[in-house]
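Coordinate-derived values only; no laboratory data. Bear in mind that the values here come from a model prediction, so they are computed numbers and not experimental data. Because the Cβ atoms are built from the backbone with ideal geometry, glycine has one as well, and the counts that use them run over all protein chains shown.
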Amino acid sequence: MTTSTQIRKGGSWLLEDTAPADVFTPAKLTNEHQLMAQTAQEFVDNELLPATDRLETKDWDLARSLMRRAADLGLFGIAVPEQYGGLDLDKASSLVVVERLARAASFATTFGGQANLCILPLVMFGTDAQKAKYLPRLVAGEIIGAYALSESGSGSDALAAKTRAVKQPGGSWLLNGEKMWISNGGFADLIVVFAKVDGEQFTAFLVERAFPGVSSGKEEHKLGLHGSSTTPIILQDARVPAENVLGEIGKGHKVALNTLNYGRFSLGAMCAGGCRAVIADSVKYAAQRRQFGQPIASFGAIKHKLGEMIARTYAIESLSYRTAGLIDAALAGSHDGATLARVFEQYAIESSIAKVVGTEILDYVLDENVQIHGGNGFVKDYPAERYYRDARVNRIFEGTNEINRMLIPGMLARRAVKGELGLIAAAKKLQDELLTPSTPSASFGDSAPLAEELRTVAAFKKVVLMTLGTAMQTYGEKLADQQEVLGYVADIISETYASESAVLRAQQAAAGGEQSASLQEVAARVYVNDAAQRLEAAARSALAGMSEGDTLRTLLAALRRVLKVAPINTIALRRVLADAAIQKGGYIL
Ligand SMILES: Cc1cc2nc3c(=O)[nH]c(=O)nc-3n(C[C@H](O)[C@H](O)[C@H](O)COP(=O)(O)OP(=O)(O)OC[C@H]3O[C@@H](n4cnc5c(N)ncnc54)[C@H](O)[C@@H]3O)c2cc1C
């Protein structure tokens, strides 16, 4: 399968224009992708959703048998080379699967613990012998995988783990420590465990439950995801054979971080799928629930919610498909471990954006879904309350959203300092340009659909340069200490990537004469218009946090000059989206 996307460096979209035809979008899914999506959808509808209540009683035998069913359907083989029993498919195939699994959030967590957190690090960092020993059984669902990085004292600060590994005469290892909150902890057979060799060298190990000294603690009582297992993993003089070091000794951070890089992208994509599914619930409920003699869907306040849910979902969906296309183009079909790790690192910024934007849009959508359901949204007869609880952890795991917000501008700044992307030169050019107000603005072809929105996105990019550039100039090497500023800049970067992804997709739809092209245009216009307001507020706060007096006045004047966005009638446009969704009975784009 190919996704026909041009190869681009991670972050380069910020400084280079992208042609609409170049972005990967749902319209570019191949028949094979569609088939994979349909397989996953039927699995969710026919087998996972009916099993929800039983899974929530912590019936792990059922979880195991559903994992075997997922394996029979080929869902664990997507990212695995054929020689190890896999299907050797692209990331777009993984994306369409996780999107569908989103509705069965507990199982999706069990699935992710295996596919993203155990199979993937093995594919990336395993030796041929390790891959041959474990991958075929993981792909077949015969064994269940897990990933044990966190400890009670080290979650975000994962490299501060206390679990120790000591080499024994003969070369084997003795591991001691306790891992916390491990997904699939109650029944996983193979666990990627991170420990420090002699308390210093952070290293990954492949630990079988059957090894002496390995056990699970009690199931956690959680806010949500009651149908997924979360336990401590206890290592008491656990004996691990010499050949079960994963990757290099002292290079465990590479295993941990590259696994998370991909996991973040995947979580963002899953959130997009969750949004789409829930919009269908909201729309159907709003159409049948009557108050004051009419369906609540006829009220402007409800249409506003539905329209906004759709516009935001369109943005995260466009962003995650675009990112999948970038990753697939860079991988060019390779499943070589070193290539995978390099490419995931290359798109780490986009993956963190997908994680933060996706999890927050999903929480917004799920919150409004509860609200649209009124009292019924708060009781267990309807799934709205479970969706709401299940999703909350998304902002906590795979790196909290605070940590990811630090990473987004932090990684860009590091690449800029290294001279990559030409970011510093672009920021300097912008500074000069802003001191010469007569400089004409770039032309984007006024007659093209969404030309105004594309101009707005170009302005967003200038705001990124202005805020990140000012922050780098002001704080230099101490930039990492300025978390509030970094948080604002992260939001500005994220809004920019999301807005551009939505506009490019809508332009592609218009050029291709897609049936939903005009609705896609509406969604992109609503998103960009409101993003401009959020982005302006973030930029003003960031600049005011970094400067004062005349400098601040000059910067704010420059911001006003760059970001001239005339408000459009988003009330009417949201109604268009809401009415179309009500008529269709679900997500429209
Ligand atoms: C259901 C569930 C499943 C999980 N599955 C797994 C799993 O399979 N494997 C695994 O290894 N772990 C897993 N985890 C653990 C999860 O990854 C951690 O909970 C997460 O990384 C946060 O760590 P913490 O809980 O220690 O919070 P902390 O790191 O203590 O963070 C608390 C708060 O402080 C903020 N904070 C921390 N450091 C900073 C900083 N430097 N700057 C700004 N803010 C900061 C955080 O953003 C957060 O808001 C799971 C957790 C849950 C709840």
Please provide three numbers in whole Å: the alpha-carbon extents of the stretch 299-367 along the principal axes, with the largest listed first.
-> 54, 17, 14
Over all directions, average the projected area of the Cα convex hull of the stretch 313-409 and note it in nm².
-> 7.5 nm²
Go from 0 up to the bin containing the longest alpha carbon distance in the stretch 204-269, width 10 Å each, and give me the % of pairs per bin.
-> 17, 30, 41, 11
So for Lys254, Lys284, Lys418, fewest C-beta neighbours within 10 Å to most, what's the order?
-> Lys418, Lys284, Lys254
re the stretch 490-589: pairs of Cα atoms spaced beyond 25 Å account for a percent value of 33 percent
So what's the gap between the Cα centers of the stretch 94-125 and the stretch 334-351, to the nearest angstrom?
-> 17 Å
Folded to 0 to 90 degrees: helix 451-475 orientation relative to the chain principal axis, Cα = 60 degrees
With N residues in the stretch 332-377, what two-decimal value do you get for its Cα radius of gyration over 2.2 N^0.38 Å?
-> 1.88
Rounded to the nearest whole number, the per residue volume of the convex hull around the C-alpha atoms of the chain in Å³ is 147 Å³
Two decimals is fine: what is log10 I(q)/I(0) at q = 0.11, 0.15, 0.20 Å⁻¹ for the stretch 103-258, from a Debye sum with one equal scatterer on every Cα and no solvent?
-> -0.37, -0.71, -1.31
Mind checking Rg over Rh on the stretch 145-201, alpha carbons, Kirkwood formula for Rh?
-> 0.99
Once the in-chain neighbours fewer than 8 apart are removed, the lysines whose Cα is under 18 Å from Lys218 read Lys58, Lys179
Arranged by the count of other C-beta atoms within 10 angstrom, fewest first, what order do Thr456, Thr400 take?
-> Thr400, Thr456
Cβ density ranking, 10 Å radius, fewest first, applied to Leu15, Leu235, Leu407, Leu331 yields Leu15, Leu331, Leu407, Leu235
Relative contact order, percent, of the chain when contacts are C-alpha pairs under 8 Å separated by at least 6 residues?
-> 16 percent
What is the Cα convex hull volume of the stretch 65-171 when expressed per residue in Å³?
-> 139 Å³
Which semi-axes, in whole Å and largest first, does the equivalent ellipsoid of the stretch 186-310 have when worked out from the alpha carbon gyration tensor as the square roots of 5 times its eigenvalues?
-> 48, 18, 10
Short to long, in 5 Å steps from zero, the percent of alpha-carbon pairs of the stretch 490-533 per bin is 5, 27, 29, 19, 12, 6, 2
Compute the signed sum of charges (Lys and Arg +1, Asp and Glu -1) over the other residues within less than 14 Å, Cβ to Cβ, of Ala427.
-> +2
For the stretch 241-392, alpha-carbon Rg relative to the globular expectation (2.2 N^0.38 Å, N residues) = 1.35
Ratio to report: Rg/Rh of the stretch 1-101, with Cα atoms as the point set and Rh obtained by the Kirkwood method; give two decimals.
-> 1.09
Calculate the radius of gyration of the Cα atoms of the stretch 325-478 to one decimal place, then report Dmax, the largest Cα-Cα distance, as a whole number, both in Å.
-> 20.8, 62
Give the Rg/Rh ratio for the stretch 535-589, taking Rg as the radius of gyration of the Cα atoms and Rh as the Kirkwood radius, to two decimals.
-> 1.32
Please compute the net charge surrounding Glu99, taking Lys and Arg as +1 and Asp and Glu as -1 over other residues with Cβ under 13 Å from its Cβ.
-> +3
May I ask you to derive the relative contact order of the stretch 483-538, considering only C-alpha pairs under 8 Å and at least 6 residues apart, and to give it as an integer percent?
-> 44 percent
Around Tyr262, what is the net charge, scoring Lys/Arg as +1 and Asp/Glu as -1 over all other residues with Cβ under 14 Å from its Cβ?
-> 0
Given a cut-off of under 8 Å on Cα pairs at least six residues apart, what relative contact order in percent is computed for the stretch 42-102?
-> 21 percent
